[in-house]
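Novice: Pasting a structure below so you can have a look.
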Amino acid sequence: MKKNSHSYNLIKYLLDYNSITSFEAFTKLYNARLSATVYILRKKYGLDIDSEPIHIKNIYGNKTCFHKFTIKEKEKYKIKSILANITN
């Protein structure tokens, strides 16, 4: 994993804030493909990232859904280990 990649930025964000939505990923990390980045972190690094559906109504009153991704406290140790092994 390279510093300043989407994966790197996401695990740093999760370490600091515990959860993220696609809106937060886009506005704060400039990551328009959050679910793809989460997939990489799950498969390549074995991180246990939970996904919780959030149901809301849009401005037209139609139901819509997005996901909030969350890490458990025990995963923070794994994230710190991953970050410690990054050189560039």
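Novice: Identify the residue in the range 46-75 that is in contact with a helix residue (DSSP H, G or I) (Cβ under 6 Å, 6 or more places away or on another chain) and not in a loop (DSSP other than H, G, I, E, B) and, among all such residues, is surrounded by the most Cβ atoms within 10 Å (Cβ to Cβ).
Specialist: Selected residue: Phe69.
Novice: So is Thr27 part of a helix (DSSP H, G or I), surrounded by 17 or more Cβ atoms within 10 Å (Cβ to Cβ) and either touching a residue at least 60 places away in the same chain (Cβ under 8 Å) or out of contact with any Phe, Trp or Tyr (no Cβ under 7 Å at 6 or more places or on another chain) (or both) or not?
Specialist: For Thr27, the condition - part of a helix (DSSP H, G or I), surrounded by 17 or more Cβ atoms within 10 Å (Cβ to Cβ) and either touching a residue at least 60 places away in the same chain (Cβ under 8 Å) or out of contact with any Phe, Trp or Tyr (no Cβ under 7 Å at 6 or more places or on another chain) (or both) - is not met.
Novice: For the range 1-19, name all the residues that are of a type outside the set (Ser, Thr, Tyr), crowded, with 16+ Cβ neighbours inside 10 Å, touching a Ser or Thr at 6+ places or on another chain (Cβ under 8 Å) and free of Cβ contacts under 8 Å to residues at least 60 places away in the same chain.
Specialist: Once the filter is applied, which keeps residues that are of a type outside the set (Ser, Thr, Tyr), crowded, with 16+ Cβ neighbours inside 10 Å, touching a Ser or Thr at 6+ places or on another chain (Cβ under 8 Å) and free of Cβ contacts under 8 Å to residues at least 60 places away in the same chain, the range 1-19 yields His6, Leu10.
Novice: Keeping to the range 45-71, report how many residues are over 13 Å from the mean Cα position of the chain (by Cα) and of a type in the set (Val, Ile, Thr).
Specialist: Within the range 45-71, residues that are over 13 Å from the mean Cα position of the chain (by Cα) and of a type in the set (Val, Ile, Thr) number 4.
Novice: Give me the pairs: first residue in the range 31-42 and without any contact (Cβ under 8 Å) to a residue 24 or more places away in the chain, second residue in a loop (DSSP other than H, G, I, E, B), beta-carbon distance under 8 Å, and six or more apart or on different chains, which are they?
Specialist: Matching pairs, first to second residue: Arg42/Asp48.
Coordinate-derived values only; no laboratory data. In this text, all values refer to a predicted model and were calculated from it rather than measured experimentally. Cβ atoms come from the backbone with ideal geometry, glycine included; neighbour counts cover every protein chain shown.
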